[in-house]
Amino acid sequence: MGHNIELTASDGHRLSAYLAEPAGKPRAGIVVVQEIFGVTRHIREVADQYAASGYVAVAPALFDRVERAVDVPYSDAPKGFGYVTASSIDNVMLDIQAAAERVSAAGKVGVVGYCWGGLLTFLAAARLKIDAAVAYYGGRIAQHLAEQPRVPVMFHFGDQDTHIPPAAVEQIKAAFPQGIYHIYPAEHGFNCTHRPSFEPASAKLAFERSVEFFRHNVG
């Protein structure tokens with residue numbers, strides 16, 4: 001459904017992105033923020049999924065400042081973490097903002113992110129000019145609670161997630177009680193059809209809730 005485009009961040013950095021557009025007039029724009037594995041087939045499928053729901057969706061390649069065309073196998077998490085370590089969150093925010101500006105012609109802009117992208121989505125809600133955010137199993141959000149989102153945020157967590165203990169989720173809830181929280185009988189990465197932890201019922205319900213949330217907050 002989608003195709004590759006190029007974005008330019010405010011500091012002049014050029015990055016690739018996957019853009020998916022709806023068949024009719026778009027309801028709004030959605031930025032899809034990748035996991036530690038890059039703009040994978042799964043992330044492109046998520047963008048297509050939002051386009052099918054009426055949104056212009058764009059997934060920026062956030063590792064392009066380190067290496068272009070990164071697509072790490074899900075079996076090689078250490079390699080993905082290497083790219084994260086080599087990335088600057090401040091620069092990544094510039095790239096997410098460039099993606100948001102690219103789809104802003106469609107109206108308001110929402111951001112949805114997965115894994116590392118869940119953390120980045122939380123930070124984008126605190127720092128960037130967006131209208132709503134949905135964070136799926138965002139690791140290390142609990143370490144960034146000094147930053148408060150300025151827009152509505154929905155959170156999705158799995159109760160069997162060994163990367164994000166229940167205590168961390170409770171910390172986030174305590175620091176940001178106005179957030180909307182959903183807990184699923186699932187592991188980390190439950191939304192990804194290409195991971196062993198995929199949990200179809202939870203993924204379906206989380207997507208339905210996310211779309212309803214975006215309908216209310218961005219269009």
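Each reported figure results from applying straightforward, stated rules to the coordinates on display, with no laboratory input. Owing to the predicted nature of the structure, the values given are computational and were not obtained by experimental measurement. Virtual Cβ from ideal backbone geometry, glycine too; neighbours counted across all protein chains shown.
Our coupling estimate for segment 30-42, obtained by passing each phi through the Karplus curve with A = 6.51, B = -1.76, C = 1.60 and θ = phi - 60°, is 10, 9, 9, 9, 5, 7, 6, 9, x, 7, 7, 4, 4 Hz, Gly and Pro reported as x. Against the compact-protein benchmark of 2.2 N^0.38 Å, the Cα-based radius of gyration of the chain scales to 0.91. Spin-label model, S75/L145: points 7 Å from Cα along the beta carbon direction are separated by 3.8 nm.
The relative contact order of segment 71-175, computed from alpha carbon pairs under 8 Å that lie at least 6 residues apart in sequence, is 19 percent. Relative to the current alpha-carbon distance between K204 and Q160, full extension at 0.36 nm per residue lengthens the span by 14.1 nm. In plain terms, the residue of M1, M154, M93 with the fewest other Cβ atoms within 10 Å comes first and the most crowded comes last, giving M1, M93, M154. Relative contact order of segment 3-217: 16 percent, from C-alpha pairs under 8 Å at least 6 residues apart in sequence.
Near the amide H of V134, within less than 5 Å, lie the amide hydrogens of V111, V112, G113, M154, all on another chain or at least 5 residues away, with H placed in the peptide plane.
Here the dipole of the chain is about 440 debye; that uses its Cα centre as origin and unit charges on the Cβ of Lys and Arg (positive) and Asp and Glu (negative). Remark on Y181: its backbone amide H falls under 5 Å from those of F155, a criterion applied only to residues 5 or more positions apart or on other chains, H modelled at 1.01 Å from N. Measuring how big segment 16-93 is from its alpha-carbon positions, Rg and Dmax come out at 13.3, 41 Å.
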